[in-house]
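The values are calculated or read from the model by the stated rules, or taken from the named source; none is laboratory data. Every value quoted in this text rests on a predicted model; they were computed, and no experiment measured them. As a convention, Cβ positions derive from the backbone with ideal geometry for all residues, glycine included, and neighbour counts pool all protein chains shown.
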Amino acid sequence: MRKPFIAGNWKLHNTIAEARALAGSLCTSVGNKEDVEIVIAPVFTALAAVSAVCADSNIKVAAQNCHCIDSGAFTGEVSAPLLADVGCKYVIIGHSERRQLFRESNDFINAKVFAALKAGLSVIVCVGETLEQREDGSLFDVISAQVNSALNEISTAQMEQVVIAYEPVWAIGTGKTASSDEAEEVHAFIRGLLGGRYCAAVAAATRIIYGGSVKPDNIGELMAQENIDGALVGGASLKADDFSAIVNYTKTLKVVS
Ligand code: PEP
């Protein structure tokens, strides 16, 4: 069984008061759900407040990034142990906005994955191709390099704490969603990569979620695909009604064949 996984990436939005209110609404609407793993990722400054709001619910809190070193002279960074200290259970690593705007390399992302797992956090590792890469035929090479590099030296046991988010860069925040068939093709490819790197059991158990303009009206079609286990939701996660509708769509556990 792979438990459906729905995560909201709030990006650079919401004051502490706004974050608290949004988290409170979600606790009311979906906070008791047990058949879907629900994660929300506020900005660093709201993590403590949102962790407190969600403490008695089934909603887990994620950070949107972390540094790869635990402490030291790294002005402006936040480390994985400090995220665990503030109540985070997850951290998003390798989001395309980090890769593109902040030039994060595959090696740096791997170091962060390693540090987060060492600190006891689970990770949502993002991979995805640009439109140019899809069009020039390097899609599968890019995904393969990103997945293999991010998981370098990550053990079979540690894979229980890893969720992979396939997010085609051209579909993020653009209103363009990959068709469910396009997404499924890449998800199946990633599952095959995991089978080759680890074993069939790891491939079958790892959640691979889709991100890129997911909305209440397209989550159903995406979730119907065999290898799509959930969603990483940006824009629509900022509205309690939309995010709740996305969470509520995924009512049943997926049976792994
Ligand atoms: C994201 O931020 O990871 C994302 C997929 O954003 P959006 O849903 O707005 O495309």
Filtered residues of segment 122-142 (kept if over 15 Å from Arg99 (Cβ atoms), surrounded by fewer than 19 Cβ atoms within 10 Å (Cβ to Cβ) and either within 17 Å of the chain's Cα centre (by Cα) or among the hydrophobic types (A, V, I, L, M, F, W, C) (or both)): Phe140
Residue identified as in contact with a Ser or Thr (Cβ under 8 Å, 6 or more places away or on another chain), more than 10 Å from the ligand (Cβ to nearest atom) and within 29 Å of Glu18 (Cβ to Cβ) among Leu194, Leu222: Leu222
Within segment 143-177, the residues that are within 11 Å of the ligand (Cβ to nearest atom) and either of a type outside the set (Ser, Thr, Tyr) or surrounded by fewer than 19 Cβ atoms within 10 Å (Cβ to Cβ) (or both) are Ala165, Glu167, Pro168, Val169, Trp170, Ala171, Ile172, Gly173, Thr174, Gly175, Lys176
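Residue by residue, here is whether (1) out of contact with any Ser or Thr (no Cβ under 7 Å at 6 or more places or on another chain); (2) over 18 Å from Asn148 (Cβ atoms); (3) of a type in the set (Ser, Thr, Tyr) holds:
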| site | (1), (2), (3) |
| --- | --- |
| His67 | no, yes, no |
| Phe74 | yes, yes, no |
| Ala80 | yes, yes, no |
| Leu83 | yes, yes, no |
| Gly87 | no, yes, no |
| Gln100 | yes, yes, no |
| Asp107 | no, no, no |
Per the list (1) part of a helix (DSSP H, G or I); (2) buried (at least 18 other Cβ atoms within 10 Å of the Cβ), residue check on Glu104 breaks on (1)
Just name the residue that is modelled with the lowest pLDDT out of those in segment 143-201 that are over 15 Å from Leu222 (Cα atoms), β-branched (Val, Ile, Thr) and not in a helix (DSSP H, G or I). Thr174
